[in-house]
Structures are given as C-alpha cells and as structure tokens.
Amino acid sequence: MAEEQEVKTLTAETLSGGQKAAILLIALGPEISTEVYKHMGEAQIRQLTREIAGLRQVTKDIREAVFEEFYQKAMGLDYIKGSSEDALDFLKRTFGDEKAAEFMEEVKTAEDGGPGLFDFLKNLGTDFLYEEHPQVAALVLSHMTPEWVSSIVSAAPPAFQADVPERMATMGEVMPDVIKEIRDLLRKKMSSATKKEATSKNRLSFLAKMVEGDGGDRVLEGLRQKDPKLAEEVRGLVFLFEDVVTIEDESLQLALGKVGVEDLVMALKGATKEIKDKIFKNVSGRLRSILNEELEYKKESRKADVDKAQRKLVNILRELDKSGDIILKKTETV
C-alpha cells in the first residue's frame, strides 16, 4: 500500500497530473482544499485521494514549479509531506466521517488488492457467490479472511466445493484493473439487490396495512387465490383477531380490561368457539355470565359492526405490544 512504499525522489519533469494536484491541495491547506473537493466528482476525488495518501516528500523546487503563484506560502517549508491522515482530513471536512471512511477504504484496498477489497459483499450473505462464475468466486474468496472463506465453502453446493478451491490454489497474478472492474460490477449487483429487497419490503408493508384495515379478510383471501406464497408472507407480518388464541393469558387480560362490554359482545358474535373459550377464560365470572347472556339473546348484527368491534380489540393489543406492555405472538400458518 501507499503508506508502506519507500520514499522516491520526485522531479518536476516526472510528476503526473494527479501528483501535481495533490501537492497543490496540500500546499493550500484543508480549508481551501475542502472547497475544491466540493466541485469534483467522486471518481476524481478517489484518484486524488490516492495521490495525497501516497505522496511522501516534495522539495521546495518542485513546489515552485507546480504552484508558482503560491510561492510565498510554500517557501516556508523545506518540503511538503502527504499522508493518509491529510487525505482523510480533507474528505471528512467535505463529506463527513462516514463517506470519508468509505473513500479511504476504497483507496487503501484498491492500491494493493489486499484483504477487505470485497468486504462489502458480506452484507449479502453466502448464497450470492454460488451464482457467480467459479473464477469470479475464486478471485473474491482469495481476498477474504480464512474464516469467511471457510463459512462460504462449507455451505456451498458440491460442484462449488470441488471447483472453486482448486481455482483459488492455481490462480495466478490478477491485474489490479481487472480486480477493480470485478469489484465495481459486484457493487452494482449488490446495489440492485438491495433496492429490490427494499421494494419488496415496502410492498409487503403496504399489503400488511391493507390486511389490518377494513375489509382485510377480503384482501388476504384475494392474495391467497392470486399468490399463496405472498399471502403467507403478508399473513406472517400481521396480527388479526383470530390470533387472539396465541396470546399469553396475562396479556389478553390486560387488553380485555380496556374493552367495553358492548364492543366485546359484538366482537364475540363473529368469533370461533376457540376464541370464545380463550376470552371467557380470561374474564371474571360475572362478566362471563353477562357475555353469555348477551350472546344468547342479542339479535344478529351486521358483519361490518362485528369486524369493527374485533378491530378495536386487535388495535388495543397492538398498542400494548408497541408500548412494550405485552408481546404478541403471531401465528406462523396461513
């Protein structure tokens, strides 16, 4: 890496454009250099960061040649020394700590292709590499820690286990540009996969709210007919009246204490025997008698009224769960 390279003697004639820009920014100091960074693209910033991090010793003569109009400022030093700390300081002032750290990590790993070059892929789990070409998988794994490689290979399909480790063992030197290109392609794939996952989560959240609202049973039934797997995912996210039977008795008692008698009677009109038994078990003997009497003699009610009363109890349970007073147990079946 740049920090480990020996100091080389530079001359004005052999300086690259990037080196000259690095010398210029160091001479200007962080305040002005920060303003310069704000007008540059990310690719330019990465390149310039590499130059600053790799710059070691620049003589007074070279400074004068590179930046003559700032001669008086530069003449106060025998030489300018660049470092990773200088580069990081510029980046922090311009982009903040998180983005600065990201830039520096890319610069350090790209310079020598060392460990950490593909660490960003760890967020995708283990399956993603199985779908890549074996040579790409071998290249990626050769830049990972032994522990991570072991976890990938041990869980891999037999064909992967037989092919990829051998490719790693026989792999020759790979040009840094090729490694960078592969890394960038995988970054794009990861970004696409992350966006797709976010879109999927948003859709599930939207459908879950519909199922929890008015007519939610019809929404869920429609999903079951059109896409049973999606219906199962959505059902696993929501708590419905039928899930009352899964609640701990103490938690249900807390919620029932907040429901009026009329609402409870109405909710029970559309309940299964299992739900009725669960609720009767968790109310006082006096209230149980009242509920039984009301359910026996009260006239038929509109489904809309029954659904509304059931939602009241469910909403109370959700609020108690949200506040941490109880923990809801959602059913895992559809």
**Message:** Give me a comma-separated list of calculated 3J(HN,Hα) values for region 311-325, in order, Karplus coefficients 6.51, -1.76, 1.60 applied at θ = phi - 60°, integers in Hz, x for any Gly or Pro.
**Reply:** 5, 4, 5, 4, 5, 5, 4, 5, 5, 5, 5, 5, 7, x, 6
**Prompt:** Give me the Kirkwood hydrodynamic radius of region 239-323 in Å, from all C-alpha pairs, to one decimal place?
**Reply:** 12.8
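Here, each number is a calculation from the coordinates, and none is a lab measurement. The shown structure was predicted, so the numbers you read here are calculated from the model rather than taken from an experiment.
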